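**Student:** Got a structure for you, questions after.
The values are calculated or read from the model by the stated rules, or taken from the named source; none is laboratory data. Just so it is clear, the structure is predicted and the values come from calculations on it, not from any experiment. Neighbour counts run over all protein chains shown; Cβ positions are idealised from the backbone, glycine included. Heavy atoms of the whole protein, side chains included, go into the accessibility calculation; ligands, DNA and RNA do not. Shrake-Rupley method; radii C 1.70, N 1.55, O 1.52, S 1.80 Å.
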Amino acid sequence: MKRFRRHGQESQRDRLKQELFQFNKTVEHGFPHQPSALGYSPSLQLLAIGTRSGAIKLYGAPGVEFMGLHDENAAVTQVHFLPHQVELVTLLDDNSLHMWTLRAHKGLSELMEIGRFTLTGPPGAPPSVTRVTAVLAHSSGELLLLGTEGGHVFIVEVPGFRELEERNISLDQVASSVPDDYIGRRNLEHIEALQENPVNPNQVVIGYGRGLMVIWDLEKQCAIQHIPATQQLESVWWAEDGGYILSSHSDGSYCRWMVSVEEVNEEEEEKSDIPYGHFPCKAISKIIQLPTQEGPPFLLFSGGMPRASYGDRHCITVIHSKTHVALDFTSRIIDFFAIREGPQHIGDPSALVVLVEEELVVIDLQTEGWPVIQTPYLVPLHSSAITCSHHVSAIPLKLWERVIAAGDLQSTHYSKRPWPITGGQNLAPDPPQRDLLLTGHEDGTVRFWDASGVCLYPMYKLSTAGVFHTDADPNDNMNQGTEGEWPPFRKVGCFDPYSDDPRLGIQKIHLCKYSGYLTVAGTAGQILVLELNDEAAEQTVEAKVVDLLQGQEGFRWKGHTQLDVREEPVLFPPGFQPFSLVQCQPPAVVTALTLHSEWKLVAFGTSHGFGLYDYQQKNNVLIKCTLNPSDQLAMEGPLSRVKSIKKSLRQSFRRIRRSRVSLRKHHVNNAAKLQEANARLEAELAEMELAPVQRKIEARSSDDSFTGLVRTIYFADTFLSDSSHNTPSLWAGTNGGCVFAYMLRLPPVEHRADEPVTAQSAKEIQLMHRAPVVGIVVLDGHGAPLPEPLEVAHDLARSPDMQGSHHLLVISEEQFKVFTLPKVSAKMKLKLTAVDGSRVRRVGVAWFGSSRSEDYGESGLVVLTNQGDVHVVSLPTVKLQVHYPCVRREDVSGIASCVFTKHGQGFYLISPSEFERFSLSTRCVVEPRCLVEVPLLSGSSTQRRPKPDVASSAHRNARQDGEDAEVLQEIQKSLEGDQTSFLENNVKSAVA
Amino acid sequence: MVLSAVPQPTSQPGSRMSRQQQHRTPLKLTDNVVEVKSKFEAEYRRIALKRNGPGGFTEFYRLLQNIHRIPGVDVLLGYADVQGDLLPINNDDNFHKAVSSANPLLRIIITKSEGEHVVLPTDSLQRRKKGLGLTGLRTSGSDSTRSKNKPGLMIGLPQNFRQISSIIDVDILPETHRRVRLHKHGTHKPLGFYIRDGVSVRVTSQGVEKVPGVFISRLVRGGLAESTGLLGVNDEILEVNGIDVAGKSLDQVTDMMVANSHNLIVTVKPSNQRNNVVHRGSKTSMGNSGSVGSAGSAGSALSHDSPSPASQSNPITASNSIAEGDSDDDDDDGDLILENDCLTPYESHRVTNSNNTNLNRPLPQSVSLPNSVGASLSDSSVLMSNHNGNPAHTSSSSQESMREDGNIITL
């Protein structure tokens, strides 16, 4: 009986787990790593980016995004939307073509691959014959023209990828008709470009690498005109009225060729120009020209810079009337296109969209000065390398608005125009709360991102560099340009990976969302306390030096020096303004940081010890050295970037020397004792380094390196000394498995400013297994984690249970262990490493709401292990609940960058520029939900709508008669019905 | 140590206060006297010994016979060392070792010598409540051994050595495998081995298959692993503390071993299969746990017929109940906890000394171990000595090496 009942409970628990936990990778934020291709559909208003890793990402209106991944691990080299349809074709590095479509399913669109195709040439032909170099998606939406390296054009019917062999344009057909006087007629080379005549879909221009262009009639299957350009061809553009063709060449020139209406006489090059001429120039890789209703057209081209003086610049030139600007990007240009106005998207160009290697830049072409439009997505997170991140859930509206206001003042140089790419509908419900993601960067900035929804939108940027003297010239403005400079450069884009001083790097961030106090800590042991101020203020930031060595002798810091603080008052713009600075001595990187806004205390730790700082009285309350006297490494400062290179160099020298020593050692036996010991140490070192596949099995000991490094620091109001009075306390955990607890005495509020805060050592716990302590949490009488400071005061959390006994949860890399309080004795534990072989890398406390009942929820620990798995551990019973593979085991930086939210979501870096967002909760899931419909094209011949997800329909021919249209309309209706019922469901579940 | 060594006027036995203070007894170590508490059957005696000149073993033996009033009885002496192991005292050397390692007090356990069959069980102080489910197997096996009273192979008394390794589960493992337990505790020797990735050959239904495996790649000279002779280079590691390592990466296996390093049980497939245990007919005829002292050589791996540990009938074990609660296989309860808030009189002292590195000392015995031997032992002993009065006073001996000191005897 008993057994049965227990079994019942277990299955009940299993059911509950299903209601609480569910793992999803929901959306990727930021800018795709290594983009390699760009595509745009004017009719869908969608932008597509292909990457070198084979990913394809579609973006429309903010919140509308799709992502697909090719099975082949090959780079996407070209992306083409089929005109007026929801299909797109991608060409990969491995010469395969892939057809993707946006298929509606339950009222939401999904990006899926529906076909793949590889050109097959005649047997025995060299692979170059079928190696695709140019793709033209014909405006009929039924044909794909594929130009190859061998100079042939293959015509393929889409979406089924049926080769139409009889219509192929072979090189021989073309070559035979080439005028005899054309120099390069013997070798036309590969097909560089294919363009359709905008006014006559039967005509295409075929551009050969050698320079020759041929206008071909698809109906009559013959060449109409030959354009005998003699320079290596880079790109071709057929003007909108069909009257002329622009060609750009590898010598930095572009030419304009008239197209004759009478198909007979050969037209001459009308105009040729090398825009940045005289001296040799680099190729113009792409040229487009767009007319305006009134006035001269826009001419846009990339490249063409004078080779010697500006050959290293990444430029796009925009020429309109008398205005001529060379937009100077900070990374290589992948591709660009222009967006045009009007319902048919054939009006004046309104925006220039440029994909460069590290960011997407959109230029407003309609506003004077062509300002940049702030992108709502695809923002380069890595404009300076990300060094840490911090997530704050459920920001109060007031703080939110103030941060936005401060951010608005910073983005005045952006265009006021709305985002020009508007495809698709965002059907995602409004985010339930305002979430903030803070990223710390190497250049000393902290960026605030709106992480509430699918778009990670930049809100505000805080720079801490102003507090210090740096080598950077403050007048070094990005947008400066000398008058009369030629070419007329203008710097655009925000990607700037060069840091003035790596010591400025932000390592830890803590924001109190209720009070608006922020503390950030950096690489050179600097800790800044900042306050949100809506007005600009000029103030001096006084530095307080904290000597963490506390008289420990025999150590010499060999790392970087501390930062020089500006002594004169500094003008801080509205936003977060620093008012207090602590500088640790030695200036080692800050490894733990926390802020208690109610007590007005900041606690921090480095590899040498930890300290407690009273930011109201600007006074050090406590300094504790955690250094183990035998730990030499801690002093060397190997965590500093500069040092690590030096060290590895030294070690490699040692290794070389060592190998010589070992040869000699057999002969020389009478070495001094010290030398022998040194040699042994070095041998061990060398052995470890030379044989990476070998692992030493050794118990941890107190003299391992970095045992004193403070990994975590925590404030709690709990029963530290006796079970009847709770007191403020400070907890710190070290790499050596040691936990220090201090009892804090705070003066009453009315004397807070003048009476000192004191800290008294209360407890020290040395974990026997000596694994690094990565987290400390105090659980209240109900077993729930203590709320954040001020959370209760703002009525946002239930006040903790102070009646029952509190428990201390110490999370080491190997174990989760619950101790009783105030008398510390072990109560429960969960061994992770001993059983599983994995170690805790990141840990957070999260609340999980049940998907079935609104008022049921549990707190749990969210854990990311060194194996890349995420686990949920129940509280207070410390039992493993669920686990899912999340990050690749080898992706060390991804694992290290992971940050958890308070509601069971998380972020980690999948590349230096992209966050993957994942969710463990059934209730809190932020994922794109969007619908893309086929634009209705007035009077156009063939056109399809989103198809129901019936497999056979994918291959259905596109021809529709009246009946078909009716059916489709019905389907459309039912889809919409689906959608509304889905929305209803949503509402219902929200009410339930 | 700067902390004052005030003799504690603690005369409230059993009270929480005195218990707390007793944990601080290292304070008394400055005195040149060792407390000795000896136990024979149910009786305790407390005496003091000079640390510097405790005399020889025979004197001590006679003294104990005297104070326990068992002058004619042949007895065996044993002492509980800091790790809670019961080690023998039978010559001058290990007697001196016992005295010098007494910290703070030397606990002597006297047992009647019953001919040559009684030996000190090496494993007696490590009751396994869990682990690999070995306990049940072991007791049943040992019972049968005992009932047959088979003379079998005799292993002499361990001479001042602590068990550092054992072969276990011989009866349930295939002959080609060996399960070795390494006791890291107590020794300051490094575990001392390295592991590597490798390829293992398995015979499956499809034939011979090559699968990735983890192997011992190197033994450190003078390390624990090497000194046992039970592990060798190129031995394949199959399990770590009962967990199969198949499918786990080298780093995972490393982490598992390090996490279990205080009590590491590895199941290996020795590369040298010549030393394998051969089952001799009856499964139960042999004890299931073999033990090899640090003096043991590789050859002694064969002599796995050790005295049966921890059976209830064994009088020695029964009297060893003082060591209950020792949990050296459970690392966690060995956490060191310093509760400064309980130390009211010393508080100021503590606080000022807080950056003293006293916490970094690797030896756990100096600070309170909540569930450790020290605590339970001292509690029970205090009660016991009160019941029995203080017979040590009456049986004072004239030998010079012994000295009574009321201050130290009372706790």
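**Student:** Does segment A:729-769 hold any residues that are facing chain B (nearest Cβ under 9 Å) and in a loop (DSSP other than H, G, I, E, B), and which are they?
**Tutor:** Matches in segment A:729-769: A:Gly736, A:Gly737, A:Leu767, A:Met768, A:His769.
**Student:** So A:Val872 fits all but one of (1) part of a strand (DSSP E or B); (2) within 14 Å of chain B (Cβ to nearest Cβ); (3) open to solvent by less than 10 Å² (accessible area, probe 1.4 Å); (4) not polar (S, T, N, Q); what number is the exception?
**Tutor:** Failed condition: (2).
**Student:** Go through segment A:713-728 and give me each residue that's among the β-branched types (Val, Ile, Thr) and either more than 14 Å from chain B (Cβ to nearest Cβ) or farther than 20 Å from B:Asp335 by Cβ (or both).
**Tutor:** A:Ile713, A:Thr727 - these are the residues of segment A:713-728 that are among the β-branched types (Val, Ile, Thr) and either more than 14 Å from chain B (Cβ to nearest Cβ) or farther than 20 Å from B:Asp335 by Cβ (or both).
**Student:** Only one residue in A:Pro912, A:Pro928, A:Pro885 is within 14 Å of chain B (Cβ to nearest Cβ), open to solvent by 10 Å² or more (accessible area, probe 1.4 Å) and not β-branched (Val, Ile, Thr). Which one?
**Tutor:** Step by step, each of A:Pro912, A:Pro928, A:Pro885 is checked, and only A:Pro885 is within 14 Å of chain B (Cβ to nearest Cβ), open to solvent by 10 Å² or more (accessible area, probe 1.4 Å) and not β-branched (Val, Ile, Thr).
**Student:** A further question follows. Kindly provide the set of residues from segment B:224-235 that are more than 22 Å from the chain's Cα centre (by Cα), open to solvent by 10 Å² or more (accessible area, probe 1.4 Å) and away from chain A (no Cβ under 12 Å), ordered by number.
**Tutor:** B:Gly232, B:Asn234
**Student:** If we scan segment B:195-211, do we find a residue that is within 13 Å of chain A (Cβ to nearest Cβ), at pLDDT below 85 and part of a loop (DSSP other than H, G, I, E, B)?
**Tutor:** No.
**Student:** Quick check: anything in segment A:784-807 within 14 Å of chain B (Cβ to nearest Cβ) and assigned to a strand (DSSP E or B)?
**Tutor:** No; the residues of segment A:784-807 include none that is within 14 Å of chain B (Cβ to nearest Cβ) and assigned to a strand (DSSP E or B).
**Student:** Now for a separate question. Inspect all residues belonging to segment A:511-523 and state whether any of them is at negative phi and more than 30 Å from the chain's Cα centre (by Cα).
**Tutor:** No, the conditions are met nowhere in segment A:511-523.
**Student:** Do we have A:Ala406 as more than 23 Å from the chain's Cα centre (by Cα), modelled with pLDDT of 90 or more and either more than 24 Å from A:Ala536 (Cβ to Cβ) or among the small types (Gly, Ala, Ser) (or both) here?
**Tutor:** Yes, satisfied.
**Student:** Please count how many residues of segment A:309-324 are in a loop (DSSP other than H, G, I, E, B) and at negative phi.
**Tutor:** Total satisfying the criteria: 4.
**Student:** Can A:Lys823 be described as at pLDDT 90 or above and either surrounded by fewer than 23 Cβ atoms within 10 Å (Cβ to Cβ) or within 11 Å of chain B (Cβ to nearest Cβ) (or both)?
**Tutor:** For A:Lys823, the condition - at pLDDT 90 or above and either surrounded by fewer than 23 Cβ atoms within 10 Å (Cβ to Cβ) or within 11 Å of chain B (Cβ to nearest Cβ) (or both) - is not met.
**Student:** Scan B:His188, B:His183 and give me the residue that is within 12 Å of another protein chain (Cβ to nearest Cβ) and crowded, with 19+ Cβ neighbours inside 10 Å.
**Tutor:** Just one listed residue meets the conditions, B:His183.
**Student:** Would you say A:Ser812 is open to solvent by less than 10 Å² (accessible area, probe 1.4 Å), of a type in the set (Gly, Ala, Ser) and within 14 Å of chain B (Cβ to nearest Cβ)?
**Tutor:** yes
**Student:** Hey, can you tell me all the residues within segment A:791-809 that are touching a Ser or Thr at 6+ places or on another chain (Cβ under 8 Å) and open to solvent by 30 Å² or more (accessible area, probe 1.4 Å)?
**Tutor:** A:Val792, A:Ser805
**Student:** A further question follows. For segment A:571-589, what are the residues that are assigned to a strand (DSSP E or B) and open to solvent by less than 20 Å² (accessible area, probe 1.4 Å)?
**Tutor:** Those that are assigned to a strand (DSSP E or B) and open to solvent by less than 20 Å² (accessible area, probe 1.4 Å): A:Phe572, A:Gly575, A:Phe576, A:Gln577, A:Pro578, A:Ser580, A:Leu581, A:Val582, A:Gln583, A:Cys584.
**Student:** Yes or no: segment A:143-157 includes at least one residue that is within 26 Å of A:Ser235 (Cα to Cα), hydroxyl-bearing (Ser, Thr, Tyr), outside the structural domain of A:Met67 (by the TED database) and surrounded by 19 or more Cβ atoms within 10 Å (Cβ to Cβ).
**Tutor:** yes
**Student:** Determine which single condition A:Ser11 fails, assuming it passes every other condition in (1) of a type in the set (Ser, Thr, Tyr); (2) in contact with a helix residue (DSSP H, G or I) (Cβ under 9 Å, 6 or more places away or on another chain); (3) not in a strand (DSSP E or B).
**Tutor:** Of everything listed in (1) of a type in the set (Ser, Thr, Tyr); (2) in contact with a helix residue (DSSP H, G or I) (Cβ under 9 Å, 6 or more places away or on another chain); (3) not in a strand (DSSP E or B), A:Ser11 misses just condition (2).
**Student:** Is segment A:773-784 home to any residue that is surrounded by fewer than 21 Cβ atoms within 10 Å (Cβ to Cβ), at pLDDT below 95 and within 18 Å of A:Ser724 (Cβ to Cβ)?
**Tutor:** So far as segment A:773-784 goes, yes, one or more of its residues are surrounded by fewer than 21 Cβ atoms within 10 Å (Cβ to Cβ), at pLDDT below 95 and within 18 Å of A:Ser724 (Cβ to Cβ).
**Student:** Now a separate question. Taking strands (runs of 3 or more DSSP E) that fall entirely within segment A:15-58, which contain at least 3 residues that are open to solvent by 10 Å² or more (accessible area, probe 1.4 Å)?
**Tutor:** So the answer is A:21-30, A:35-41.
**Student:** Kindly list, by first and then second residue, each pair from a residue in segment A:853-869 that is within 14 Å of chain B (Cβ to nearest Cβ) to a residue that is of a type in the set (Phe, Trp, Tyr) and surrounded by fewer than 21 Cβ atoms within 10 Å (Cβ to Cβ), limited to pairs with Cβ atoms under 7 Å and residues at least 6 apart or on different chains.
**Tutor:** Every condition considered, the pairs that remain are A:Asp869/A:Tyr884.
**Student:** Filter segment A:527-557 down to the residues that are of a type in the set (D, E, K, R) and modelled with pLDDT under 90, then identify the one that is surrounded by the fewest Cβ atoms within 10 Å (Cβ to Cβ).
**Tutor:** Restricting to residues being of a type in the set (D, E, K, R) and modelled with pLDDT under 90, the top hit is A:Glu553.
**Student:** Which of the strands (runs of 3 or more DSSP E) contained wholly in segment A:68-132 include at least 2 residues that are outside the structural domain of A:Lys25 (by the TED database) and over 18 Å from A:Thr51 (Cα atoms)?
**Tutor:** Per the criteria, A:96-105, A:108-118.
**Student:** In the set A:Ile395, A:Ile339, which member is assigned to a loop (DSSP other than H, G, I, E, B), in contact with a strand residue (DSSP E or B) (Cβ under 8 Å, 6 or more places away or on another chain) and among the aliphatic types (A, V, I, L, M)?
**Tutor:** Unique residue meeting the criteria: A:Ile395.
**Student:** Within the set of pairs 6 or more residues apart or between chains, which connect a residue that is closer than 27 Å to B:Val253 by Cα and in contact (Cβ under 8 Å) with a residue 60 or more places away in the chain inside segment A:818-833 to a residue that is in a helix (DSSP H, G or I) and of a type outside the set (Gly, Ala, Ser) with Cβ atoms less than 7 Å apart?
**Tutor:** Hits for this filter: A:Thr833/B:Asp255; A:Thr833/B:Met256.
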